[in-house]
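Coordinate-derived values only; no laboratory data. None of the values given here were measured: they were computed from a predicted structure. With ideal geometry, Cβ positions are generated from the backbone for all residues, glycine too; neighbour counts draw on all protein chains shown.
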2 protein chains.
Amino acid sequence: MSEVLYYHHGRFQLAGGVLPNAITAYRTYGNPKNPCILFPTCYGGRLDNRGLMGQDYMIGEDKVLNPSKYYIVTVALFSNGESSSPSNTPAPYNGPHFPHVSYEDNIRAQHALLTKGLGIEKLFCVIGVSMGGQQAYHWAAMYPDFVERFVAICSAARTNDLSRAFQEGFKAAFVCSKDFDNGYYKTRPEIAMHAFSRAIGPWIYSQAWFAQKGYLHDGMVSSMENFMCGAWDAGFLPWDANDLLVLMRTWGQGDISLVNGGNGDLAQCLANVKAKGLIMPCKTDLFFPPEENIKEVASMRGNGRLALIDSIWGHMSEL
Amino acid sequence: MSEVLYYHHGRFQLAGGVLPNAITAYRTYGNPKNPCILFPTCYGGRLDNRGLMGQDYMIGEDKVLNPSKYYIVTVALFSNGESSSPSNTPAPYNGPHFPHVSYEDNIRAQHALLTKGLGIEKLFCVIGVSMGGQQAYHWAAMYPDFVERFVAICSAARTNDLSRAFQEGFKAAFVCSKDFDNGYYKTRPEIAMHAFSRAIGPWIYSQAWFAQKGYLHDGMVSSMENFMCGAWDAGFLPWDANDLLVLMRTWGQGDISLVNGGNGDLAQCLANVKAKGLIMPCKTDLFFPPEENIKEVASMRGNGRLALIDSIWGHMSEL
């Protein structure tokens, strides 16, 4: 596995404040002379594969992201625990004091990494799933002359109101928990993490997946309770609670029609996107329902193409 | 408004233990000589209309449940705060010591009320929404010669696995909260209730309802946050947390194919139902998706009729 590297921005403005030494973590695969593909992390994703999801599952000689054909850069969202995050930033911006981060901040930081750090002049493609896909949309909206194409899987250009509503439930799981201590916890708040994992878990699959007992994984798991403990509780437990909350806020406020001083007109914003976009919703995704992507593609005037994933895996069909 | 009345069972066996003096709360409307319609409460429902939902919204001269044509009996689920509940039962069965209650227990108690208390020999109809509808299914399965017809709105004969999964999230909201104190709270656990309301709220509507900003109620509500505070937090706050947990467990374990010593064969159980059933799912219900009801009606061999509610109100289309 290639090493995780760190790009130092120095003083960096975020939506909620200034970090004196902001850091973007990244990894590279293949020859820098090849066309560059950027693959940013999603919620729960880490470059070092210690998160819920790794970031090299699509990378390989036999995979879509082939490092003998492309120069692939994976990049960590602020607050994923690898880029600057509540959990790894020194006082006074540590823990609950870490500023709010927008997608726009993330994309500006990634642009600096690519252009100043790696000398990239053009992105062949940005590809992402879920929050990764939302970054792909933001790239296309913010740097129209830099991005040639983007792929957004189980994602959307604007976070919908249902997502904002259930995020309030996930947030309450932390804030109301016995051991969260308003983010000032001294030891890992395991009760808060448990509440959070049980609140978010059911949203990431579909009605049909549960009806077909997908959680039994063809007999490898003995019960739903065991699945919840193994897949959700254990998957989230290594994460820092403040990191997850900042990431959630980034997600909740995602809206490409507000970047670059936009006025909130999403259809207009999508019409202005120059990059070719491949939009891949899953039929049963509760986070990013296909109806929204279908509308988006209609606004993209020939630059957008929709490819529906016909799966009962809901938001998890991305993997 | 007619008075809330109380039927005293004396010593009564529940799935999780024995209550020395179990009580079923009920109200009646109209002339006892008319055909009897039973209308049991759902989750959050109270006979005295002090809950999230009242129990007389379908009752009136100009409504479906016309008290000049029918003798209407509304009846409260165990643990709704009116029938025997953690909140109103004396020690040693109060609070967290209250036994688990199954739907089967509730229906046995209602049968005793109707036959011994009110002298009813036949039910013209049982009608219910959500947990009320699940009671209607149970009535048809448990007392085939007593029930002529039943109507189940936004409901199902068996609680599905997705519901069991998200109920784990709702339960975690209580159990993990600062002030729940394992159910031994001395004052109202407002933090726990807030966490619970934010966890359950988003499930009761649909993607489309949020997309169309249904929560603004045509401009009567100014924001989603205000809606959540007004409709959910305020709606659940008067409830007792232990009551809600016992109710949730009743809901989670609902399955008519296990009553009367059944073997879990739902299709067979539905095939044996004698009563005519009108099954009314909402197209966008996340709790009880229409797919399940469609299968049920197919098993009911001519005794079942499906009427799909074409609404974006999700589980709330029942109201």
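The residue of region B:1-49 that is surrounded by the most Cβ atoms within 10 Å (Cβ to Cβ), among those that are at positive phi and small (Gly, Ala, Ser), is B:Gly30. Of all residues in region A:165-188, those that are more than 10 Å from chain B (Cβ to nearest Cβ) have Cβ atoms under 9 Å from Cβ atoms of residues that are crowded, with 23+ Cβ neighbours inside 10 Å and polar (S, T, N, Q), 6 or more apart or on another chain, in A:Gly183/A:Asn242; A:Tyr185/A:Asn242.
Within region A:233-241, does at least one residue satisfy the condition of being surrounded by 15 or more Cβ atoms within 10 Å (Cβ to Cβ), within 13 Å of chain B (Cβ to nearest Cβ) and without any contact (Cβ under 8 Å) to a residue 40 or more places away in the chain? There is no residue in region A:233-241 that is surrounded by 15 or more Cβ atoms within 10 Å (Cβ to Cβ), within 13 Å of chain B (Cβ to nearest Cβ) and without any contact (Cβ under 8 Å) to a residue 40 or more places away in the chain.
For region A:1-60, the strands (runs of 3 or more DSSP E) that sit wholly inside it and include 1 or more residues that are under 17 Å from A:Gly117 (Cβ atoms), more than 19 Å from the chain's Cα centre (by Cα) and free of Cβ contacts under 8 Å to residues at least 60 places away in the same chain are A:5-14, A:17-29. Of all the numbered requirements in (1) closer than 30 Å to A:Ala208 by Cα; (2) more than 7 Å from chain A (Cβ to nearest Cβ), B:Gly219 misses one, and that requirement is (1). Note on region A:212-225: residues that are loosely packed, with under 13 Cβ neighbours inside 10 Å and either in contact with a Lys or Arg (Cβ under 6 Å, 6 or more places away or on another chain) or closer than 23 Å to A:Asn49 by Cα (or both) total 2.
All of (1) within 14 Å of chain A (Cβ to nearest Cβ); (2) within 14 Å of B:Asn303 (Cα to Cα) hold for B:Thr159 with one exception: (2).
Check region B:302-317 and report whether any residue there is polar (S, T, N, Q), more than 14 Å from chain A (Cβ to nearest Cβ) and within 30 Å of B:Gly51 (Cα to Cα). Within region B:302-317 (the criterion being polar (S, T, N, Q), more than 14 Å from chain A (Cβ to nearest Cβ) and within 30 Å of B:Gly51 (Cα to Cα)), the answer is yes, since at least one residue qualifies. Among the residues of region A:274-310, what is the count of those that are in a loop (DSSP other than H, G, I, E, B), farther than 19 Å from A:Tyr143 by Cα, touching a residue at least 60 places away in the same chain (Cβ under 8 Å) and not polar (S, T, N, Q)? Of the residues in region A:274-310, 6 are in a loop (DSSP other than H, G, I, E, B), farther than 19 Å from A:Tyr143 by Cα, touching a residue at least 60 places away in the same chain (Cβ under 8 Å) and not polar (S, T, N, Q).
The numbered conditions (1) touching a Phe, Trp or Tyr at 6+ places or on another chain (Cβ under 6 Å); (2) of a type outside the set (Gly, Ala, Ser); (3) buried (at least 21 other Cβ atoms within 10 Å of the Cβ) are all true for A:Leu270 except (1).
Just need a number here: residues in region A:179-235 that are among the hydroxyl-bearing types (Ser, Thr, Tyr) and within 21 Å of A:Leu245 (Cβ to Cβ). Full working, then the answer.
We begin by selecting, within region A:179-235, every residue among the hydroxyl-bearing types (Ser, Thr, Tyr); these are A:184-185, A:187, A:197, A:205-206, A:215, A:222-223.
With within 21 Å of A:Leu245 (Cβ to Cβ) added as a condition, the list becomes A:184-185, A:187, A:197.
Adding up the residues that qualify gives 4.
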